[in-house]
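A short worksheet on the structure shown next.
The values are calculated or read from the model by the stated rules, or taken from the named source; none is laboratory data. What you see is a predicted model; the values in this text were computed from it and never measured. No Cβ is skipped: glycine too gets one built from the backbone with ideal geometry, and neighbour counts run over all protein chains shown. Protein only, heavy atoms only, side chains kept; ligands, DNA and RNA dropped before computing areas. Shrake-Rupley method; radii C 1.70, N 1.55, O 1.52, S 1.80 Å.
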Amino acid sequence: MNQIPAGISSSPVPELNFWNDWKKSLPIVIETVTAVPIPVAAILGTVLLKLFLPNIPGWDLLQTIIMFFVLSKLMQATYKSLVPASRDRSELFPVNPEFKMIGAAIIVNMGTVFGCLFFIVPGIWFAMVHMMTQEIIVLEGCGIFEAMAKSRQIMSGNLWSIASYCALWPILISLGVLIALGIVAVIFYFGAGAILHGNAGNEMIKNMLVAVFTVVMLALGLTYKTLAVHAYVYLMHLSGQRTAIEQQLGDSSSIEMG
């Protein structure tokens, strides 16, 4: 059970339950996608461009950069669903955190790769202790290194529970989805191959399948990202702290929770 910080009547995330929390993710993802149609359309555009112009490099990088603009809005929407008092208070949220998110992703990924050079385990540890960095940047307005330090602080002693909640279950589900898609893809490949002959036809089929896989995995990734916000709020309250937005909502009054 969370240690409820002063000024909060109850925690919006008293415990972490992967299946219950994941079921709540779809409406939040739909809300986010409809709220930021331009970045979403740009991501889908990169998928289509990669399908029709596969020999031009850089589509994956461009897709990743645009994705940060969607993720920041998704994190905010998830937080608003947990703390309804913040829903109509856009001024409480940091402005344009996406570039910090990109910088943090580069640093954390580099640290993870470097750590993996030393028998893998240090890299995994580095990635896990900095798992909350993006959420802290988006919801606390911290700088990159301050967010990384705060992530290490709140993740201390909670690595396994948060890793299973935010990483292990999503990986297992994704593997199941990939296997199911793989079976469908094999059937489609041989069926379409009977119609589209030659190298050009085979290449078109492969690119279509890659596009479908990409869209499905991106959608799944968005649902998983909502879980990280749940974990962030849970860990903050577990350590007896209030989030920055809760502090702004009022130190003396109880905060309405969902």
Just to confirm a number: summing +1 for Lys and Arg and -1 for Asp and Glu over residues other than I154 whose beta-carbon lies under 15 angstrom from that of I154, what do you get?
-1
Which length gain, in nm to one decimal place, applies between T64 and W125 when the Cα-Cα distance is subtracted from 0.36 nm times their residue separation?
19.6 nm
Unit Cα scatterers, Debye sum, the chain: log10 I(q)/I(0) for q = 0.09, 0.12 Å⁻¹:
-0.46, -0.78
Under 16 Å from the T34 label point (7 Å along Cα→beta-carbon), backbone N, region 62-80:
74, 77-78
Mind giving me the nanometre distance, one decimal, between the label points for Q241 and V177, set 7 Å out from Cα along Cα→Cβ?
3.1
Tell me what the chain gives for mean residue ellipticity at 222 nm when only DSSP H runs of n ≥ 4 count, each as -39,500 (n - 2.57), the sum divided by the residue total, rounded to 500 deg cm²/dmol.
-23000 deg cm²/dmol
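Please give the per residue volume of the convex hull enclosing the alpha carbon atoms of region 1-105, rounded to a whole number of Å³.
Details: hull volume 15.5 nm³, N = 105.
Looking at region 1-105, the number lands at 147 Å³ per residue.
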log10 I(q)/I(0), Debye, Cα-only region 81-191, no solvent, q = 0.24 Å⁻¹?
-1.26
Filtering the chain for DSSP H helices with an axial alpha carbon extent of at least 18 Å and a Kyte-Doolittle mean of at least -1.0 returns 37-52, 59-82, 98-116, 169-193, 198-238
Please find, in a Gaussian network model of the chain (springs between Cα atoms separated by less than 10 Å), the residue of N109, N55, N158 whose mean-square fluctuation is greatest.
N55
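Pulled fully out, how much extra length does the chain show between W160 and E15, if you take 0.36 nm times their separation in residues and subtract their Cα-Cα distance?
On the way: separation 145, 0.36 × 145 = 52.20 nm, distance 1.48 nm.
Separation in residues times 0.36 nm, less the Cα-Cα distance, equals 50.7 nm.
Tell me, what is the per residue accessible area of the chain in Å², probe radius 1.4 Å? List each step's numbers first, then the result.
Details: 13370 Å² over 258 residues.
Accessible area per residue: 52 Å².
Ignoring ligands, DNA and RNA, how do V210, V177 rank by accessible area with a 1.4 Å probe, largest first? Intermediate results must be reported in sequence, preceding the final value.
Working: V210 70, V177 40 Å².
Correct descending sequence by accessible area is V210, V177.
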Protein chains only, probe 1.4 Å: how do D88, D21 rank by accessible area, largest first?
D88, D21
Work through the residues other than E31 whose Cβ is under 12 Å from its Cβ and net out their charges, Lys, Arg +1 and Asp, Glu -1.
+4
